[in-house]
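A.B. asks: Below is the structure I would like to discuss, written out as structure tokens.
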Amino acid sequence: MTDTVEDVELPYDDSASQQEKLEALEEQLSTLEEENEEMRDRLLDANAENNKYQQKLERLSHENKKLKQSPLFIATVQELNDEGAVIKQHGNNQEALTEVTDELREDLEPGARVAVNNSLSVVRRLDDEADVRARVMEVEQSPDVGYEDVGGLDEQLREVRETVELPMKNPGLFETVGIDPPSGVLLHGPPGTGKTLMAKAVAKQTDATFIKMAGSELVHKFIGEGAKLVRDLFQVARDHEPAVVFIDEIDAIASKRTDSKTSGDAEVQRTMMQLLSEMDGFDERGDIRIIAATNRFDMLDRAILRPGRFDRLIEVPNPDAEGREKIFKIHTRDMNVADDVDFAELAADTDDLSGADVKAITTEAGMFAIRDDRQEVTMQDFRSAREKLEQDSDAEASAEPSRTFA
Ligand SMILES: Nc1ncnc2c1ncn2[C@@H]1O[C@H](COP(=O)(O)OP(=O)(O)OP(=O)(O)O)[C@@H](O)[C@H]1O
């Protein structure tokens, strides 16, 4: 507590002379001034020290944030003991003893998958491997899509059948002629044009299991995961032969190399290299065919288009009027359509739309009939549906300029 003026003890007796009082007071004043000076110096030092600590704290907080954000490695907890957790890193299988915070410890047990940072500290617990696989891989024993469900892609379908179906159904033919069937088939074109549909249809036709994985899912946030998922993908395919492996959005793992050297890019590269090596070592691939799809053909790294890899390129464009008419008919097969509906006219009026857009119009037309309490879908319903979807996509396009709906 600070002294108040009343607390100050006077440095003289009442009996002292004026002169003595003055001298005593002067002496005390000078002592106090010295002490004050000393305190001020100490305060300044403390302030400087405080600033230094403040800066250090900021640096460490920044570092901490960066460590949590930077690419993380995957590991499995082997055991928990008094000193922390023994973890085994995926990829290099190295074991390490690392500290874990008390809160995190409660959430961990041997076998748990965790994300660790550069200094191997556990940052968080992850979903189990099986969950990740199930999330990124779609396995369908026999897709319920046939060639009759694909409209307006006769030429593309012919090529897909020749390159995927024929080698599976009649491998001897290629042996007799003495050529290798194309390894992988790449479908490229705008979104919603039927690429996935064709891949499913060919899987059904060949009684093959359809295994789909999206490139964007493969490029996981975690180092080592992408390449491992590619290995898993091909293992699942081998376990389910005959199989059609469909890799959607392949551009996510096979884009032209960028100049930046971030760990994220390195991870994408590693995932792509794993895919290439799986494809290259696939001579004895048996009954597994690979189809990839992309909306960004221009972005692809040419390495994946080399002979023996995705060497059959099939463009899948938006349908022309004739194609749109067929797609209208396919998606209204089970609908109660009024006699006045003219699909040729609707097709002529829906320039530049994709197959997915045409399908959306048919569903929306049905909704108009339901809202109006009718059981039959009329030409007017289709027209209203088209207008509604155009308006919706105009609104979306102005919010997000990269997407358009002509
Ligand atoms: N040619 C088509 N014939 C019939 N239906 C189609 C056609 N194209 C698209 N569709 C409809 O649109 C849906 C989406 O199409 P699909 O998933 O095959 O597109 P995609 O080309 O794989 O698109 P993305 O590049 O966005 O993955 C299909 O399930 C189907 O209902």
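All of the numbers you see were taken from the coordinates with simple rules; none came from a lab. Model, not experiment: these values are computed from the prediction. Reconstructed Cβ throughout: ideal geometry from the backbone, glycine too, with neighbour counts over all protein chains shown.
A.B. asks: With every atom except the alpha carbons ignored, what do you get for Rg and Dmax of segment 135-315, in angstroms?
C.D. replies: In order Rg, Dmax, the Cα atoms of segment 135-315 give 15.6, 49 Å.
A.B. asks: Give me the distance between the Cα centres of segment 330-357 and segment 154-209, rounded to whole Å.
C.D. replies: 28 Å
A.B. asks: Could I ask something else about it? Among Gln141, Gln375, Gln28, which one shows the biggest mean-square fluctuation in a GNM of the chain, springs joining Cα atoms closer than 10 Å?
C.D. replies: Residue with maximal mean-square fluctuation among Gln141, Gln375, Gln28: Gln28.
A.B. asks: Relative to the first principal axis of the alpha-carbon coordinates of the chain, what is the inclination of helix 18-69, with its axis defined by its Cα atoms, in degrees from 0 to 90 and to the nearest 10?
C.D. replies: With rounding to tens, the tilt is 10 degrees.
A.B. asks: Then there's this: Starting at the first residue of segment 137-154, write each ³J(HN,Hα) from the Karplus equation 6.51 cos²θ - 1.76 cosθ + 1.60 with θ = phi - 60°, in whole Hz, x for Gly and Pro.
C.D. replies: For segment 137-154, the Karplus curve yields 10, 10, 10, 10, 4, 8, x, 8, 10, x, 4, 5, 8, 9, x, x, 10, 4 Hz.
A.B. asks: Plugging the Kirkwood radius over Cα pairs into Stokes-Einstein for segment 70-126, at a temperature of 37 °C and a viscosity of 0.692 mPa s, what D comes out in µm²/s? Intermediate values should be presented prior to the final figure.
C.D. replies: Details: Rh = 10.8 Å.
Rounded, D is 303 µm²/s.
A.B. asks: Any chance you could get the radius of gyration and Dmax over the Cα atoms of the chain, in Å?
C.D. replies: Using the Cα atoms of the chain, the pair Rg, Dmax is 35.7, 132 Å.
A.B. asks: Right, next: Within a 10 angstrom radius of the beta carbon, how do Phe174, Phe328 rank from fewest other beta carbons to most? Present the calculation step by step, with values, prior to reporting the outcome.
C.D. replies: Numbers: Phe174 14, Phe328 26.
Fewest-to-most Cβ neighbours within 10 Å comes out as Phe174, Phe328.
A.B. asks: May I pose another question? Mind giving me the nanometre distance, one decimal, between the label points for Asp127 and Arg42, set 7 Å out from Cα along Cα→Cβ?
C.D. replies: My value for the distance between the label points is 6.0 nm.
A.B. asks: Next question, about the same structure. With θ set to phi - 60° and the Karplus curve 6.51 cos²θ - 1.76 cosθ + 1.60, what are the ³J(HN,Hα) couplings of segment 106-112 in order, to the nearest whole Hz, using x for Gly and Pro?
C.D. replies: With coefficients 6.51, -1.76 and 1.60, one gets 4, 8, 10, 8, x, x, 5 Hz.
A.B. asks: Another one. Can you sort Leu218, Leu32 by how many other beta carbons sit within 10 Å, fewest first?
C.D. replies: On the way: Leu218 27, Leu32 11.
Fewest to most other Cβ atoms nearby, the residues stand as Leu32, Leu218.
A.B. asks: Okay, next question. Could you tell me which of Ala344, Leu57, Thr206 has its Cα farthest along the dipole of the chain towards the positive end, charges placed at Cβ (Lys, Arg +1; Asp, Glu -1), taken about the Cα centre?
C.D. replies: Thr206
A.B. asks: Next question, about the same structure. If exposed GluC sites (Glu not before Pro) are those in a DSSP loop with at most 10 other Cβ within 10 Å, what is the longest stretch of the chain that has none? Let's see the in-between values first.
C.D. replies: Numbers: sites that count: Glu9, Glu83, Glu284.
Looking at the chain, 84-283 is the longest stretch - no exposed GluC sites (Glu not before Pro) with at most 10 other Cβ atoms within 10 Å.
A.B. asks: Helix 355-371 sits at what angle to the longest principal axis of the chain, using alpha carbons and giving 0 to 90 degrees rounded to 10?
C.D. replies: That helix lies at roughly 90 degrees to the long axis.
A.B. asks: Taking the number of other C-beta atoms within 10 Å as the exposure measure, put Tyr12, Tyr147 in order starting with the fewest.
C.D. replies: Numbers: Tyr12 14, Tyr147 17.
Listing Tyr12, Tyr147 from fewest to most nearby Cβ atoms yields Tyr12, Tyr147.
A.B. asks: So what is the relative contact order for segment 141-239, in percent, with contacts set as C-alpha pairs under 8 Å and at least six apart? Could the numbers behind the result be given before it?
C.D. replies: Details: 71 pairs, mean separation 37.8, N = 99.
Relative contact order comes out at 38 percent.
A.B. asks: Here is a follow-up. Of Ser216, Ser17, Ser384, which has the largest mean-square fluctuation in a 10 Å C-alpha GNM of the chain?
C.D. replies: Answer for the Gaussian network model of the chain: Ser17.
A.B. asks: Each residue of segment 169-178 in turn: what ³J(HN,Hα) in whole Hz from Karplus with 6.51, -1.76, 1.60 and θ = phi - 60°, glycine and Pro shown as x?
C.D. replies: Ordered by residue, 3J(HN,Hα) equals 7, 9, x, x, 4, 5, 4, 4, 6, x Hz.
A.B. asks: Using alpha carbons only, how many degrees (0 to 90, rounded to 10) separate the axis of helix 321-331 from the longest principal axis of the chain?
C.D. replies: Between the helix axis and the principal axis of the chain, the angle is about 80 degrees.
A.B. asks: Given the options Thr350, Thr31, Thr76, state which has the largest fluctuation in a GNM of the chain using a 10 Å cut-off (strictly under) for Cα springs.
C.D. replies: Highest fluctuation among the options: Thr31.
A.B. asks: Among bridges DSSP assigns within the chain, what percent are antiparallel (round to 5)? Intermediate values should be presented prior to the final figure.
C.D. replies: Working: 22 of 46 bridges.
Once the DSSP bridges in the chain are tallied, antiparallel ones form about 50 percent.
A.B. asks: Another question, if that's okay. Positive end of the charge dipole of segment 287-383 (Lys, Arg +1 and Asp, Glu -1 on Cβ, about the Cα centre): tell me which of Val316, Phe328, Ser354 has its Cα farthest that way.
C.D. replies: The residue sitting most towards the positive pole is Val316.
A.B. asks: Can I ask one more? If you take every residue apart from Thr362 with its C-beta less than 13 Å away from the C-beta of Thr362, what net charge results, scoring Lys and Arg +1 and Asp and Glu -1? Could the numbers behind the result be given before it?
C.D. replies: On the way: positive: Arg324, Lys326, Lys329, Arg333, Lys359, Arg383, Arg386, Lys388; negative: Glu325, Asp334, Asp357, Glu364, Asp381.
Local charge sum for Thr362: +3.
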